[in-house]
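The values are calculated or read from the model by the stated rules, or taken from the named source; none is laboratory data. Only a predicted model underlies this, so the values are computations on that prediction, with no experimental measurement involved. Here the Cβ is made from the backbone with ideal geometry for all residues, glycine too, and neighbour counts use every protein chain on show.
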Amino acid sequence: MSILKSEIFDTYEMTIGVECHVQLATKTKLFSPADNDARDADPNSKVHPIDFGLPGMLPVLNRHAVDLAIRAGKALNAEIANISRFDRKHYFYPDLPKGYQTTQMYQPIILAGYVEAPLEDGSSVRVRVHHAHMEEDAGKLTHFGGYSLVDLNRAGTPLIEIVSEPDIHSAAEARAYATELHRLMTYAGVTHGDLYHGNMRFDVNVSVAKKGAAELGKRAEVKNLNSFRSVERAAEYEFRRQVELLESGERVVQETRGWSDDSGMTTSQRSKEDAQDYRYMPDADIPPIVLTDEEIAEIQADMPMLPGEFRDTLRGAGLDFAMTETALAITDAKVRDFLVEIAAATNGEVRRRILNWLVIDVQGKVSAGDDTWEGKQLLPDHIVQLAEMAEKNEISSNSAVTVLFEMLSSGDAPRMIAEAKNLLQVSDENAIGEIVDAVMAHEASAASIADIKAGKDKAIGYLVGQVMKQSQGKANPALAQKLIRERL
Ligand code: MN
């Protein structure tokens with residue numbers, strides 16, 4: 001697309017701020033008793049007059065949504081406001097029949113915080129969070145040729161909007177931030193985090209300026225990105241688009257833009273409103289949220305392990321970046337706790353083996369959609385026994401993985417499974433000795449034996465391989481090698 005040389009791009013830097021809407025995992029909506037889970041529901045079947053803002057209706061704040069916001073605050077390293085309140089943000093749009101969105105403009109529930117997002121090179125980017133506020137979602141419009149249909153199932157769904165400071169300076173950092181935010185919110189149990197159904201949506205504000213410039217450039221906001229990859233691609237696209245505009249003497253317009261995954265481009269949607277256009281005013285129908293320090297502490301005391309702690313544990317156990325990232329993708333908190341338990345209770349080769357099994361063999365399959373953690377029997381004693389059997393060469397590495405999967409689904413002891421499947425390696429010197437004798441007597445082995453005697457030690461691999469083959473993989477290879485050497 002570009003006619004500019006890459007050196008010209010190198011003279012610019014982009015600055016990114018991200019606003020993220022997180023759908024809270026409540027049963028009902030923010031102010032009405034309507035069902036909050038409308039994923040497979042018929043249009044307009046999960047609605048209540050409060051969601052329409054019909055005259056005479058009084059909203060009642062969902063306490064569970066407040067509790068989830070308090071948990072989100074902890075995950076964002078942020079203080080929770082003792083007093084927060086709701087405001088009305090007025091605008092006209094067919095998916096908002098009330099004529100205003102109920103949100104928190106002046107006194108948000110979550111104050112300043114930060115997110116530490118890990119990068120591939122082992123470093124991380126710290127993105128400050130300006131604040132996060134509670135608000136309701138609007139409905140959904142589906143556009144057809146000459147008309148549009150309105151579905152209000154989503155109207156009134158509780159959200160928190162997390163507003164970052166402009167601390168991000170590359171597309172990769174933007175992606176890392178979005179990914180870590182998703183982990184934080186799902187680990188904390190704040191949201192189901194289903195990106196496909198829009199449980200988390202990212203608005204990315206991008207501006208560019210010459211490196212070292214005192215002022216930021218005009219920013220364009222790319223709205224409603226619902227994957228980490230599209231956050232990264234949209235930021236990359238905007239950077240190039242804006243640099244090219246500036247280089248050709250044009251200016252960047254402050255506006256809202258949409259992103260298309262198919263075309264890989266952003267397109268202008270509307271010019272950006274300023275705050276005064278919304279005529280914000282306090283919502284007199286909803287009392288302020290008043291929280292004592294004790295109440296906040298009590299809710300936050302009951303938090304599960306967050307990604308930072310999980311990551312530190314895995315790195316401490318020797319996992320590299322890629323493996324740690326794979327492990328972090330485990331969505332089941334019980335499985336993550338199991339990994340932490342194993343990492344603490346074992347060490348050395350046994351620990352390395354078990355973590356490899358769980359992260360690469362099992363989670364690898366789960367990530368690929370070929371398996372699930374659901375129903376897996378996570379018994380520390382059994383998995384440690386299996387790792388010790390493999391360490392002692394009682395079972396081959398390949399057979400151990402077979403036993404592992406069987407063990408995780410049945411809950412049976414590993415030795416029992418290995419015996420039943422006839423996978424235990426033969427460590428009986430006499431039995432293997434007979435096979436070794438037969439292999440060494442065979443004329444095909446003569447060349448290898450001569451090579452070994454001539455000092456080419458690697459040639460022993462052929463003989464061990466033959467012993468393994470003759471024993472159908474059940475000979476203990478270390479023992480086979482020892483017996484061959486004795487006979488040479
Ligand atoms: Mn919002």
Review point. On the given criteria, is Asp51 in contact (Cβ under 8 Å) with a residue 24 or more places away in the chain, away from the ligand (no atom under 16 Å from the Cβ) and farther than 26 Å from Val129 by Cα?
Key: yes
Review point. Applying the selection to the range 433-488, what residues are free of Cβ contacts under 8 Å to residues at least 24 places away in the same chain, in a helix (DSSP H, G or I) and among the aliphatic types (A, V, I, L, M)?
Key: Ala441, Ala444, Ala446, Ala447, Ala450, Ala459, Val464, Met468
Check your understanding: If we keep just the residues of the range 147-187 that are assigned to a loop (DSSP other than H, G, I, E, B) and hydrophobic (A, V, I, L, M, F, W, C), which is farthest from Val208 (Cα to Cα)?
Key -> Leu152
Check your understanding: In this structure, is Ile432 surrounded by 18 or more Cβ atoms within 10 Å (Cβ to Cβ) and at pLDDT 90 or above?
Key -> no
Study note, to complete from the structure: Subset of the range 147-162, residues more than 16 Å from the ligand (Cβ to nearest atom) and among the β-branched types (Val, Ile, Thr), comes to Val150
Exercise for review: Output the number of residues of the range 229-245 satisfying the condition of being farther than 23 Å from Ala176 by Cα and either outside the structural domain of Val163 (by TED's automatic domain parsing) or without any contact (Cβ under 8 Å) to a residue 40 or more places away in the chain (or both).
Suggested key: 1
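Under 25 Å from Gln470 (Cβ atoms) and among the charged types (D, E, K, R): which single residue out of Glu429, Glu406 fits that description?
The unique qualifying residue is Glu429.
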Point to revise | Residue match in the range 168-175 (condition: charged (D, E, K, R) and modelled with pLDDT of 95 or more) | key: yes
Point to revise | Those residues of the range 400-425 which are more than 19 Å from Asp371 (Cβ to Cβ), touching a residue at least 40 places away in the same chain (Cβ under 8 Å) and buried (at least 18 other Cβ atoms within 10 Å of the Cβ), in sequence order | key: Leu423, Gln425
Exercise for review: Residues that are among the charged types (D, E, K, R) and away from the ligand (no atom under 16 Å from the Cβ): find the strands (runs of 3 or more DSSP E) completely inside the range 71-146 holding 1 or more of those.
Suggested key: 113-118, 124-136
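Just one of Asn205, Asn226 is polar (S, T, N, Q), in the same structural domain as Thr186 (by TED's automatic domain parsing) and under 16 Å from Ser164 (Cβ atoms); which is it?
Asn205
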Check your understanding: Do we find a residue being within 30 Å of Ala220 (Cα to Cα) and part of a helix (DSSP H, G or I) anywhere in the range 304-327?
Key -> no
Check your understanding: Counting only residues that are touching a residue at least 40 places away in the same chain (Cβ under 8 Å) and in contact with a Ser or Thr (Cβ under 8 Å, 6 or more places away or on another chain), how many does the range 136-149 have?
Key -> 5
Check your understanding: How many residues does the range 393-430 contain that are within 34 Å of the chain's Cα centre (by Cα), closer than 25 Å to Lys482 by Cβ and hydroxyl-bearing (Ser, Thr, Tyr)?
Key -> 3
